[in-house]
Amino acid sequence: MDQIESRIGMRFEIGQPTPEDCVRIGAKHNVEGADAYEAIVIYGENTSLRALCHLLQNCTAATSGAGGIRLSRIETTLRVMSCGSDTLKLLHDRGDDLRRSA
C-alpha cells in the first residue's frame, strides 16, 4: 500500500496562515480599515485559512458585495455564525493569549 500511495496519493500540508496570507485574503474580499485587517490576521492565526475565508464570504454576502467589509461587519457576522460573543476573542486575542487562558 505504501508504494501505491506514494505513486498516486498526493499529500501536502498547509500550515497555519501567516499574517501576509490573511492580509491578501482580506484584500480579495474588500476588507477596509487597519483594525479590520488586524482582526482578520488574529482570527486567521487562531483558526485556519478555511475558517477565515468562510467568515469573509459570509461578510461579503451580508453586504451584498457592495462596499467594503469593516470591523463591525466582521464582528457581527462572527457572532451570527457562532451564536455567541465568546468567539469575538478569536478576532482580538493572539493565539498565545488564548492558549494561556485555556
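Points worth noting:
- Residue satisfying all of: in segment 50-71; open to solvent by 50 Å² or more (accessible area, probe 1.4 Å) and hydrophobic (A, V, I, L, M, F, W, C); farthest from I14 (Cα to Cα) among these: A66
- Where a residue in segment 31-57 is without any contact (Cβ under 8 Å) to a residue 12 or more places away in the chain and its partner, wherever it lies, is open to solvent by less than 20 Å² (accessible area, probe 1.4 Å), with Cβ under 8 Å and at least six apart: A51/Y43; A51/G44
- Elements of type helices (runs of 4 or more DSSP H) contained in the chain, each with 2 or more residues being acidic (D, E) and at pLDDT below 95: 2-8, 95-101
The values are calculated or read from the model by the stated rules, or taken from the named source; none is laboratory data. Given the structure is predicted, the values throughout are model-derived calculations rather than measurements. Quick reminder, even Gly has a Cβ in these numbers, built from the backbone with ideal geometry, and neighbours come from all protein chains shown. Accessible surface is based on the protein model in full, side chains and every heavy atom, while ligands, DNA and RNA are left aside. Shrake-Rupley method; radii C 1.70, N 1.55, O 1.52, S 1.80 Å.
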